[in-house]
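Sharing a structure here in structure tokens format.
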Amino acid sequence: MKFLDTREEIVDLAASLFQRGYSVGSAGNISVRVDGGYLITPTNSSLGRLDAGRLSLVDLGWNHISGDAPSKEVVMHRAMYEARPDTGAIVHLHSTHVTALSCLTPNGEPLLQPHTPYLVMRLGENIPLVPYYKPGDPNMESDIFEAAKEARAIVLGNHGSIVAGPTLVNAVDSAEELEVSAKLALLLRGRDTRPLTSEEINALMSR
Ligand code: 13P
């Protein structure tokens with residue numbers, strides 16, 4: 001599918017995530033870097049029912065320029081763009097299996113083992129877990145910034161995921177891969193498994 005413009009692309013991909021159960025209600029938000037700033041989904045909007053003309057436009061300093069009021073998670077998005085200057089888009093979801101895993105994993109313990117190639121190829125070997133913060137809490141900024149320097153996907157304790165990509169399509173694909181990997185981790189929990197070996201992981205990284 002060729003998107004005519006970034007606003008339509010946000011609306012279409014957000015609706016696709018919503019229709020397939022990756023977000024429910026008004027959970028989740030999306031941002032895309034555009035000339036002179038960022039487009040971000042409005043606070044309390046449903047990813048299933050966005051209006052292209054009402055998306056929030058903020059300037060490079062994240063000041064609101066037009067559209068509805070931006071997501072309360074602007075600080076989280078900003079920290080990720082600042083830590084990873086190659087980021088073109090960010091997807092934040094409360095998808096079920098990632099969130100379940102974020103509730104089961106103590107701080108500091110590895111969240112996901114490298115079991116499958118697409119997890120490693122898309123998101124790297126380690127997905128950091130940032131401790132719980134109230135949604136929109138500006139105090140999370142430094143934790144997100146530090147974690148994002150090491151990884152393009154972060155899991156937020158008792159909350160969900162935040163995934164960066166060079167394009168929105170890439171960030172959406174990676175957020176979906178993270179959710180499916182979390183589902184797999186829950187299916188495999190407590191079982192003897194064979195994670196990928198370091199050699200297999202190195203071969204994927206040097207693709
Ligand atoms: P917003 O509606 O403000 O974007 O917040 C939704 C959300 O997912 C909070 O984590």
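Assign unit charges at the C-beta atoms only (+1 for Lys and Arg, -1 for Asp and Glu), then state the dipole size of the chain relative to its Cα centre in Debye, rounded to the nearest 20.
380
Return the distance in nm (one decimal) between the two label points of a simple spin-label model at Val24 and Val169, each offset 7 Å from Cα along Cα→Cβ.
3.1
For Cα pairs less than 8 Å apart in space and 6+ apart in sequence, what is the mean separation divided by the residue count of the chain, i.e. the relative contact order in percent?
21
Ok, one more. Projected onto the charge dipole of the chain (+1 at Lys/Arg Cβ, -1 at Asp/Glu Cβ, origin at the Cα centre), which of Ser56, His92, Pro195 gives the Cα projection farthest towards the positive end?
Positive-most Cα among the choices belongs to Pro195.
Where Rh is the Kirkwood radius over the Cα pairs of segment 48-170, the temperature 4 °C and the viscosity 1.567 mPa s, what D in µm²/s does Stokes-Einstein return?
Diffusion coefficient, whole number: 85 µm²/s.
Please find, in a Gaussian network model of the chain (springs between Cα atoms separated by less than 10 Å), the residue of Thr87, Thr99, Thr193 whose mean-square fluctuation is greatest.
Of the options given, Thr193 has the highest mean-square fluctuation.
Same structure, new question: Might you report the magnitude of the Cβ-based charge dipole of segment 101-189 about its Cα centre, with Lys and Arg at +1 and Asp and Glu at -1, to the nearest 20 debye?
Computed charge dipole of segment 101-189: roughly 180 debye.
Here's another thing I want to ask about it. Using Cα springs under 10 Å in a Gaussian network model of the chain, which residue among Ser142, Ser161, Ser46 shows the largest mean-square fluctuation?
Ser142
When the scattering of the chain is computed by the Debye formula from its Cα atoms alone, each counted once and equally, what is log10 I(q)/I(0) at q = 0.13, 0.18 Å⁻¹?
Each listed q corresponds, in turn, to -0.68, -1.28.
Taking R0 as 22 Å, what's the FRET efficiency between Asp5 and Ser46 from their Cβ-Cβ distance, rounded to 0.05?
0.60
Relative to the longest principal Cα axis of the chain, at what angle does helix 168-188 sit, 0 to 90 degrees, rounded to 10?
On a 0 to 90 degree scale, this one is about 40.
Here's another thing I want to ask about it. Rounded to the nearest 0.05, what FRET efficiency do Thr116 and Arg54 have when you use their Cβ-Cβ distance and R0 = 41 Å?
The formula returns an efficiency of 0.60 here.
Here's a follow-up. With only alpha-carbon atoms in the gyration tensor, what are the semi-axes of the equivalent ellipsoid for segment 102-161, in Å, largest first?
Result for segment 102-161: semi-axes of 21, 13, 9 Å.
How many lysine pairs does the chain hold where the Cα atoms are under 25 Å apart and the two sit 8 or more places apart or on different chains?
Lysine pairs meeting both conditions in the chain amount to 4.
Same structure again: Relative to the longest principal axis of the C-alpha atoms of the chain, give the angle of the C-alpha long axis of helix 141-150, reported between 0 and 90° and rounded to the nearest 10°.
The angle comes out at about 50 degrees.
Need the full-extension length gain, Glu150 to Ser66, defined as separation in residues times 0.36 nm minus the C-alpha distance. One decimal, nm.
Working it through step by step, the gained length comes to 26.9 nm.
Additional query: Which residues does the label zone of Leu186 cover in segment 9-28, counting backbone N under 15 Å from a point 7 Å along Cα→Cβ?
It comes to 21-24, nothing else.
When the label point is put 7 Å from the Cα of Val34 along its Cα-to-beta-carbon vector, which residues of segment 81-108 have a backbone N closer than 16 Å?
Inside the label zone: 88-90.
Go ahead and set up a Gaussian network model of the chain, Cα springs under 10 Å, then flag whichever of His97, His64, His77 fluctuates most.
His64
Here's another thing I want to ask about it. Based on DSSP H runs of at least 4 residues, each adding -39500 (n - 2.57), what is the mean residue ellipticity at 222 nm of the chain after dividing by all its residues, to the nearest 500 deg cm²/dmol?
-11500 deg cm²/dmol
Where a number appears in this text, it was derived from the coordinates with a stated rule and is not lab data. Nothing here was measured: the structure is a model prediction, and the numbers come from that model. We place every Cβ from the backbone using ideal geometry, glycine too, and count neighbours over all the protein chains shown.
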